[in-house]
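Structure record follows, encoded as structure tokens.
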Amino acid sequence: MKATNETEKIISEQLSALNKIGTAENLEEWRVNTLGRQGVITSILKSISSLPAEERKAAGSAANQGKIRLQDAFGIKQKQLLANDSSNSNDSLDISLPGRPTTGGKLHIITQTIREISSVFVSLGFQIEEGPEVEWGKYNFDMLNIPQDHPARDMWDTLWVEKDEHTNSEPLLLRTHTSPMQARIMEASSPPIRVIIPGKCYRYEATDATHEWQLTQIEGLAVDADISFADLKGTLYEFAKRIFGRDRQVRFRCDYFPFVEPGVDMSIDCFKCSGKGCSICSHTGWIEILGAGMVHPNVFKGVNYDPDKYKGFAFGMGVERIAMLKYEIDDIRNFYANDLRFLSQF
Ligand code: DAH
């Protein structure tokens with residue numbers, strides 16, 4: 001019993017000595033004297049064999065438990081000293097330094113442009129819809145008054161989706177424009193309709209500075225009992241001013257799109273040179289920004305709308321083109337090259 005008490009006394013003396021240690025050198029000294037080969041614990045363990053037999057077991061157990069406590073306490077102390085040491089060293093935290101700037105994520109310039117354009121039309125009473133990028137030939141062409149063998153199909157070089165031999169389905173394609181949504185929306189609802197449809201389109205196209213095989217369009221459609229060409233002009237004029245500046249002029253010229261009659265393209269006077277002629281407007285003073293027209297009676301018939309009862313206008317524009325003009329970007333391939341030096345400018 002006496003030996004056990006003595007051991008416990010030594011252990012607690014060693015622990016309180018350990019507690020007071022403040023330097024790595026003193027800690028090492030303590031370790032050698034206490035846990036080392038010739039240290040206190042070793043001599044206690046050695047002395048056990050000379051004890052009376054009935055005391056040995058208890059004394060051995062007290063010595064071993066004490067050793068474990070001392071080893072644990074040593075480990076903790078060692079960690080504390082190390083932590084203090086690094087906080088005192090030269091590379092310690094300087095809370096007076098300004099923080100490192102973090103680079104936040106951003107919306108892609110095309111998404112930003114879609115939102116900017118959409119908000120103009122939303123404020124004019126249009127709703128936003130989206131549609132499938134993989135489309136039936138029926139919606140992409142037939143219902144837009146572009147019959148099977150009509151040469152107008154060549155206006156859109158199409159990427160066809162390979163036919164599954166097992167399903168005898170209609171031909172599928174990647175939509176070449178957002179116009180198929182005109183037919184889908186009219187089929188699913190009745191007038192009045194005022195809707196815009198932003199989305200990706202695909203074309204079988206060799207890429208260069210102004211052509212990409214993937215592009216983004218915004219389609220627009222308004223159908224009602226008494227819509228006229230003046231509504232088309234007023235709506236698109238307001239759009240042009242809000243996106244390209246209040247003092248913009250617009251010009252409409254006849255153009256051909258199978259799903260509208262009359263069909264037009266709309267240009268704005270060059271916002272860079274105000275019509276004098278520069279590289280942005282190819283020295284013409286005018287920049288073409290979209291196609292539009294009055295919905296063709298055949299398109300109405302295809303969705304069971306009475307062309308004598310309803311009129312409508314439609315338009316479609318390329319979002320990349322609008323962004324290129326607005327920000328003076330000279331190569332469409334920049335948009336999807338994922339170069340952060342380009343993207344982070346917007
Ligand atoms: N879908 C046409 C294209 O991709 C653009 C277009 C022209 C859409 C006239 C229209 C429109 O709705 O009325 O070239």
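See the values below:
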quantity	calculated
Per-region count, segment 272-295, residues open to solvent by less than 50 Å² (accessible area, probe 1.4 Å) and assigned to a loop (DSSP other than H, G, I, E, B)	7
Residue in segment 147-196 that is nearest to the ligand (Cβ to nearest atom), counting only those that are touching an Asp or Glu at 6+ places or on another chain (Cβ under 9 Å) and among the charged types (D, E, K, R)	ARG175
Residues satisfying the stated conditions in segment 9-25, i.e. in a helix (DSSP H, G or I) and either modelled with pLDDT of 95 or more or surrounded by 15 or more Cβ atoms within 10 Å (Cβ to Cβ) (or both)	ILE10, ILE11, GLN14, LEU15, LEU18
Qualifying positions in segment 308-337 - within 16 Å of the ligand (Cβ to nearest atom) and not in a helix (DSSP H, G or I)	TYR310, LYS311, GLY312, PHE313, ALA314, PHE315, GLY316, MET317, GLY318
Qualifying residue in segment 314-331 (condition: more than 31 Å from the chain's Cα centre (by Cα), buried (at least 16 other Cβ atoms within 10 Å of the Cβ) and assigned by TED's automatic domain parsing to the domain that holds GLU129)	no
Residue pairs meeting the criteria (Cβ under 6 Å; at least 6 apart or on separate chains; first within 18 Å of VAL295 (Cβ to Cβ), in segment 146-157; second modelled with pLDDT of 80 or more)	ILE146/PRO258; ALA152/ILE146; ALA152/PRO258
Among (1) in contact with a Cys (Cβ under 8 Å, 6 or more places away or on another chain); (2) closer than 30 Å to LEU27 by Cβ - the single one ASP94 does not satisfy	(1)
Residue check, ASP269 among the acidic types (Asp, Glu), in the same structural domain as TYR310 (by TED's automatic domain parsing) and crowded, with 19+ Cβ neighbours inside 10 Å	yes
Cross-chain or 6+ apart pairs with Cβ under 8 Å, segment 224-243 first and under 14 Å from ILE196 (Cβ atoms) and of a type in the set (Val, Ile, Thr), then open to solvent by 50 Å² or more (accessible area, probe 1.4 Å) and not in a helix (DSSP H, G or I)	THR235/LEU124
Selection count where residues are open to solvent by 10 Å² or more (accessible area, probe 1.4 Å) and not in a loop (DSSP other than H, G, I, E, B), scope segment 296-307	4
Of all residues in segment 152-197 being polar (S, T, N, Q) and under 30 Å from the mean Cα position of the chain (by Cα), the one that is most open to solvent (accessible area, probe 1.4 Å)	THR158
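Let's see how each residue does on (1) assigned to a strand (DSSP E or B); (2) away from the ligand (no atom under 12 Å from the Cβ); (3) open to solvent by 50 Å² or more (accessible area, probe 1.4 Å):
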site	(1), (2), (3)
GLN217	yes, no, no
GLY220	yes, no, no
ASP231	no, yes, yes
GLU238	no, yes, no
ARG253	yes, yes, yes
PRO262	yes, no, yes
ASP265	yes, no, no
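The values are calculated or read from the model by the stated rules, or taken from the named source; none is laboratory data. What you see is a predicted model; the values in this text were computed from it and never measured. Ideal geometry is used to build each Cβ from the backbone, glycine not excepted, and the neighbour counts take in all protein chains shown. SASA here: full protein model, heavy atoms, side chains in, ligands and nucleic acids out. Shrake-Rupley method; radii C 1.70, N 1.55, O 1.52, S 1.80 Å.
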